[in-house]
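Shown next, in structure tokens, is the structure this report addresses.
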Amino acid sequence: MNDLGSRISAPARVLLAIAYPLLAHWASHDGGGVWAALALADLVVFVTIDGLLAPRLLPWIATAALLAALALSAATPYAQVLLLAPPVLFNAWLSWWFARSLRAPRQGLITRIVAGLYGCAPDELAPDLYRYTRRLTAVWAGVLALLAVVNGALATIAVPDGFLFRLGYTPALAISREQWSWFANIFNYGVVGGVFAVEYLVRRRLFKDRPEKGFIDFFRKMAQLGPKFWKELFS
């Protein structure tokens with residue numbers, strides 16, 4: 001990817017990430033396939049954007065094929081059904097990704113991020129901070145796994161688009177499409193944001209010597225780690 005593509009990729013992904021839950025939530029209230037297909041198209045571009053900006057032929061072909069399939073699904077009930085899957089799959093993938101990073105010889109994801117903020121190698125962190133970041137990585141793996149399970153359970157009992165209902169069973173305990181969406185597309189992110197904020201307050205009390213001066217400066221320094229750092233972390 002050229003320099004221009006690298007500069008565009010990160011902010012574009014942020015905008016796509018913000019747009020997805022809004023589109024998905026509206027699709028659940030609208031009940032039609034068009035908005036559901038648009039939300040899923042947002043996810044497709046989120047995943048393939050680096051290949052589109054490179055540009056490389058295969059990602060363009062794959063993206064075009066997926067978008068065409070979603071356009072066809074807009075007139076069917078399947079777009080709404082497919083919308084149930086991302087909150088389960090994405091949280092499960094992130095949980096696996098956090099947990100996988102704890103296996104030697106890898107370093108925990110949070111450990112690597114904190115080391116980047118301190119400008120040192122993970123092994124050079126203070127022992128207590130190193131242990132804390134590894135435990136925090138495990139906590140995030142657990143939180144995300146729990147969210148995947150809850151999202152899966154709610155997707156199973158949602159009516160009329162839930163998995164059980166689509167298989168011909170009306171669950172004894174059921175929720176509406178809108179109730180599912182409030183959790184999967186709104187509250188889900190509130191849980192993640194809440195855990196993040198509480199953890200930051202805990203870390204402020206436990207570790208007085210920090211590289212940032214406050215919460216806003218923390219995000220600024222995270223951004224200053226640069227696209228290369230984040231690309232290597234997510235690779």
Check your understanding: Excluding same-chain residues fewer than 8 positions from K221, which aspartates and glutamates have a Cα within less than 16 Å of its Cα?
Key -> D209, E212
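Under the rule of -39500 (n - 2.57) per DSSP H run of 4 or more residues, summed and divided by the residues of the chain, what mean residue ellipticity at 222 nm is obtained, to the nearest 500 deg cm²/dmol?
So the calculated ellipticity at 222 nm is -24000 deg cm²/dmol.
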Check your understanding: Given a Förster distance of 25 angstrom, what is the FRET efficiency for W97 paired with A65, based on the Cβ-Cβ distance and rounded to 0.05?
Key -> 0.40
Practice item. For the chain, calculate the relative contact order in percent as a whole number, restricting contacts to Cα pairs under 8 Å that are 6 or more residues apart. Key: 18 percent
Review point. Within the P(r) computed for region 40-150, what percentage of the Cα pairs occupies the region above 18 Å?
Key: 64 percent
Exercise for review: Taking trypsin sites (Lys or Arg not before Pro) as candidate sites, keep only those in a DSSP loop with at most 16 other Cβ atoms within 10 Å, then name the longest stretch of the chain containing none of them.
Suggested key: 107-207
Exercise for review: Determine, for E124, E212, the number of other Cβ atoms within 10 Å of each Cβ, and report the residues in order from fewest to most.
Suggested key: E124, E212
Review point. Given the convex hull of the Cα atoms of the chain, what is a quarter of its surface area in nm²?
Key: 14.5 nm²
Study note, to complete from the structure: Given chymotrypsin sites (Phe, Trp or Tyr not before Pro), DSSP loops and at most 16 other Cβ atoms within 10 Å, the longest exposed-site-free stretch of the chain is 1-168
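A short reminder: the numbers here are calculations on the coordinates, not readings from a lab. As the structure is a prediction and not an experimental result, all values here were calculated from the model. Ideal geometry is used to build each Cβ from the backbone, glycine not excepted, and the neighbour counts take in all protein chains shown.
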